[in-house]
Amino acid sequence: MTRLNVTNEWDKVFPKSDKVNHKKVQFHNHYGIDLIADLYEPKNIEGKLAAISVAGPFGAVKEQSSGLYAQRMAEKGFITMAFDPSFTGESGGHPRSTASLDINTEDFQASVDFLSNQKNVDPDRIGIIGICGWGGMALNTAAIDTRVKATLTSTMYDMSRVTANGYFDSMNADGRYKLKEQLNTQRTEDYKYDKTTLNGGLPSKAPDDAQQFFKEYVQYYKTDRGYHERSMNSNGGVAKTSSLSLMNMPILQYSNEIKSPVLMVHGEKAHSLYFSKDAFKKLSGDNKELMIIPNANHTDLYDQEEYIPFKKITNFFKNNL
């Protein structure tokens, strides 16, 4: 394993808790990509504890929302980790700023590999939390990985659906074909010039006529509230050609096979609520719940703790891990 160049300074967008211990850890996935994570542990650990792996939102890094969730859950008595996915943040993998539903699902499984082998973790009591686009990948992981004993999705996106069909399923087959033409032309150009073209990311200020959810993203990723120098969403965005693999692989195809408990949390006013509602309907297990948070929008569940139901989340994992 190659030791990656990482910083040990506290550079999160949220304050450091004095109730937990924090350290950087490194592990690898089955594709040989080295991943970097923040590990949070309750102070004065005794015996083996339940553990939770956290990732997301899509295009974010561990210093943002996933780290906040991980730290809070460590305060509640769990060993937790928030990791940077392959190709992003402090983790390895090339080309940079790339997304893959297959490899990113493997990243989640690799985090379970790592936690299962920690001396203070009970390998039979591991759960996962997926935020935004990583909510879909969390369900995909729970469908394939029987070691995952409980899954929480927060403000979930189905990245394959939104990429293939557009927001609110507004793109038809003709529109999808035109998009594929554009993206494949981009592949030719990227290969010719040996580069990875990014989608441009978010502007520093949202246009007045932008959709409300776009303004919400800008308010999180481009302000002191959530900006981070290594976040794709805070800067240049994700590789344009990543959309080809996202739109061609229906990520929730086997989510009906999940037998372990699932709690889905979403905001009442979130533009993305339909993703959770439809994904929830497909779940066939007898221990599932969709919790809709009154008045909350999509990004409120990234970091606004008056909306994030940490008490409910804590009880869910304590009861099921």
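Numbers at a glance
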| read-out | value |
| --- | --- |
| Residue that is least open to solvent (accessible area, probe 1.4 Å), among those in the stretch 31-50 that are touching a helix residue (DSSP H, G or I) at 6+ places or on another chain (Cβ under 9 Å) and within 19 Å of D102 (Cα to Cα) | L35 |
| Check on D194, among the acidic types (D, E) and touching a Pro at 6+ places or on another chain (Cβ under 9 Å) | no |
| Considering residues of the stretch 155-179 that are touching a helix residue (DSSP H, G or I) at 6+ places or on another chain (Cβ under 7 Å) and more than 30 Å from V54 (Cα to Cα) only, the residue most open to solvent (accessible area, probe 1.4 Å) | R176 |
| Test: residue in the stretch 98-106 that is part of a loop (DSSP other than H, G, I, E, B) and in contact with a His (Cβ under 6 Å, 6 or more places away or on another chain) | no |
| Close pairs from the stretch 160-175: first of a type in the set (K, R), partner at pLDDT 95 or above, Cβ under 9 Å, at least 6 apart | R161/G136; R161/D169; R161/L252; R161/F275; R161/D278 |
| Breaking point among (1) in contact with a helix residue (DSSP H, G or I) (Cβ under 8 Å, 6 or more places away or on another chain); (2) under 15 Å from Y302 (Cβ atoms); (3) open to solvent by less than 20 Å² (accessible area, probe 1.4 Å), for H271 | (3) |
| Count of the stretch 63-118 residues which are among the polar types (S, T, N, Q) and without any contact (Cβ under 8 Å) to a residue 24 or more places away in the chain | 1 |
| Long-range neighbours under 7 Å by Cβ, at least six apart or interchain, first residue among the aliphatic types (A, V, I, L, M) within the stretch 299-321, second open to solvent by 20 Å² or more (accessible area, probe 1.4 Å) | L301/Y307; L321/R125; L321/K149 |
| Residue among D124, D102 that alone is within 19 Å of F316 (Cβ to Cβ) and surrounded by fewer than 19 Cβ atoms within 10 Å (Cβ to Cβ) | D124 |
| Members of the stretch 124-149 that are in a helix (DSSP H, G or I) and not aliphatic (A, V, I, L, M) | G133, W134, G135, G136, N140, T141 |
| Test: residue in the stretch 75-84 that is aromatic (F, W, Y), part of a loop (DSSP other than H, G, I, E, B), over 19 Å from T155 (Cβ atoms) and open to solvent by less than 30 Å² (accessible area, probe 1.4 Å) | yes |
| Those residues of the stretch 1-38 which are assigned to a loop (DSSP other than H, G, I, E, B), over 22 Å from Y302 (Cβ atoms) and basic (K, R), in sequence order | R3 |
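Residue-by-condition table, conditions (1) under 18 Å from the mean Cα position of the chain (by Cα); (2) in a helix (DSSP H, G or I); (3) of a type in the set (A, V, I, L, M):
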{"residue": "R187", "(1), (2), (3)": "no, yes, no"}
{"residue": "G201", "(1), (2), (3)": "yes, no, no"}
{"residue": "S204", "(1), (2), (3)": "no, no, no"}
{"residue": "P207", "(1), (2), (3)": "no, no, no"}
{"residue": "E216", "(1), (2), (3)": "yes, yes, no"}
{"residue": "S245", "(1), (2), (3)": "yes, yes, no"}
{"residue": "L263", "(1), (2), (3)": "yes, no, yes"}
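The values are calculated or read from the model by the stated rules, or taken from the named source; none is laboratory data. Note that this is a predicted model, so its numbers are computed, not measured. Quick reminder, even Gly has a Cβ in these numbers, built from the backbone with ideal geometry, and neighbours come from all protein chains shown. The area values use the complete protein model at the heavy-atom level, side chains included, leaving out ligands, DNA and RNA. Shrake-Rupley method; radii C 1.70, N 1.55, O 1.52, S 1.80 Å.
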